[in-house]
Amino acid sequence: MDGYYELLGVSPEASTKDVKSAFRRQAKKIHPDTAGSGRAEEGMRSREAAMRRLLEAYRVLSDPEKRRAYDRSLRKKAAELGGFDYRVFLKGRSDDPESQAKLIVYDLLHGLEDEALEVYERSKSFADFRLERYLERGEAMDAEFCLAEEYEKRERWLKAYALYKRLIVMELERPWFRYFFDVVALRFRTLLLQKMPKYLDEEDYVDRLEEAAGLGLARRDTAQFFRKKAEVHLRRGEVAEAVASLCRATELEPKLAGLAALKKRLPGSVTKLVNRNQDETPET
């Protein structure tokens, strides 16, 4: 039976827009309503079944999360075609960083997340161990995203943050995630704005926000980092620093939720300064 990509006639690198166009094109060919009144009943049932299969393919490939899970299942099947115990072979080569990188991917594909994290941690003993040194770039990025997710589930926030940050830098340099990058950015933003504040001291947290604001993400994301930074500065009584961050956030997204409430907490004369900065910000 054909896989979802084959059914839609698109490559695994196709964008969501390409998937949607392909679905419409294929649906016109096989939709039961286009068969005509003289079509045999058996033929109609066959077209209805094909249409259901096509719809399922579209539902999966048009949803970033479902598509990623499907892609992982394809890689898992490919890894299982070897005919020998590949994992035992890789584990036996514990002194070879390339084999350990492949073992991490294998374990992630087979639901052995704890083992994958253990191998990843242990492999840090190799000089400059990075998955992209031993795997194809895209495969390495996929694996590191899964590792970041696993760190996040275990509330190991700084390790998750470091991996998400590196993936963002790599993606902005040369896209790989493409349709899935919005999910990566969302995970990073949620981690930084909602989860990490409870577990980091404020000085360290401010440094992370400043770092995140310099990554080059979308204007709204960057504005949210500056807004949060202003909030922390205000709580610490650092008015000048709070004003600087509020001005940066205002320049990027003048109508960002939460900015007005923060400005009300500033001394009156300072509030006027920030509002004047907003009035002078050109429309984008």
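The values are calculated or read from the model by the stated rules, or taken from the named source; none is laboratory data. Owing to the predicted nature of the structure, the values given are computational and were not obtained by experimental measurement. Neighbour counts run over all protein chains shown; Cβ positions are idealised from the backbone, glycine included.
For the condition in contact with a Cys (Cβ under 9 Å, 6 or more places away or on another chain) and not small (Gly, Ala, Ser), what is the one hit in Arg130, Arg67, Arg72? It is Arg72.
Residue-by-condition table, conditions (1) under 12 Å from the mean Cα position of the chain (by Cα); (2) among the acidic types (Asp, Glu); (3) over 21 Å from Leu234 (Cα atoms); (4) buried (at least 19 other Cβ atoms within 10 Å of the Cβ):
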{"position": "Leu131", "(1), (2), (3), (4)": "no, no, yes, yes"}
{"position": "Glu152", "(1), (2), (3), (4)": "no, yes, yes, yes"}
{"position": "Leu158", "(1), (2), (3), (4)": "no, no, yes, no"}
{"position": "Lys165", "(1), (2), (3), (4)": "yes, no, yes, no"}
{"position": "Leu172", "(1), (2), (3), (4)": "no, no, yes, no"}
{"position": "Tyr179", "(1), (2), (3), (4)": "yes, no, yes, yes"}
{"position": "Leu193", "(1), (2), (3), (4)": "no, no, no, no"}
{"position": "Asp204", "(1), (2), (3), (4)": "no, yes, no, no"}
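Selection of segment 123-143 for residues being assigned to a helix (DSSP H, G or I) and either farther than 22 Å from Asp221 by Cα or not assigned by TED's automatic domain parsing to the domain that holds Ser94 (or both) yields Ser123, Lys124, Ser125, Leu131, Glu132, Arg133, Arg137, Gly138, Glu139, Ala140, Asp142, Ala143.
For the condition outside the structural domain of Arg122 (by TED's automatic domain parsing), at pLDDT 95 or above and surrounded by fewer than 19 Cβ atoms within 10 Å (Cβ to Cβ), what is the one hit in Gly237, Gly214?
Working: Gly237 fails: at pLDDT 95 or above.
Among Gly237, Gly214, only Gly214 is outside the structural domain of Arg122 (by TED's automatic domain parsing), at pLDDT 95 or above and surrounded by fewer than 19 Cβ atoms within 10 Å (Cβ to Cβ).
Any residue in segment 102-118 that is among the hydroxyl-bearing types (Ser, Thr, Tyr) and either outside any loop (DSSP other than H, G, I, E, B) or under 19 Å from the mean Cα position of the chain (by Cα) (or both)? Yes, segment 102-118 has at least one match.
Filtered by the rule that a residue be of a type in the set (Asp, Glu) and modelled with pLDDT of 95 or more, segment 114-131 gives Asp114, Glu115, Glu118, Glu121.
Exactly one residue out of Ser73, Ser125 is farther than 22 Å from Thr16 by Cα and either polar (S, T, N, Q) or in contact (Cβ under 8 Å) with a residue 60 or more places away in the chain (or both), and it is Ser125.
Looking across segment 39-77, the residues that are of a type in the set (A, V, I, L, M, F, W, C) and either buried (at least 17 other Cβ atoms within 10 Å of the Cβ) or at pLDDT 70 or above (or both) come down to Ala49, Ala50, Met51, Leu54, Leu55, Ala57, Val60, Leu61, Ala69, Leu74. Of the residues Thr190, Thr222, the single one that is under 28 Å from Phe145 (Cβ atoms), touching a residue at least 12 places away in the same chain (Cβ under 8 Å) and not assigned by TED's automatic domain parsing to the domain that holds Thr16 is Thr222.
Hey, can you tell me all the residues within segment 257-280 that are of a type in the set (Gly, Ala, Ser), modelled with pLDDT of 75 or more and assigned to a helix (DSSP H, G or I)? Please lay out each step first, then the result.
Here is the first cut: in segment 257-280, the ones of a type in the set (Gly, Ala, Ser) are 257-258, 260-261, 268-269.
Now drop any that are not modelled with pLDDT of 75 or more, which leaves 257-258, 260-261.
Ala260, Ala261 - these are the residues of segment 257-280 that are of a type in the set (Gly, Ala, Ser), modelled with pLDDT of 75 or more and assigned to a helix (DSSP H, G or I).
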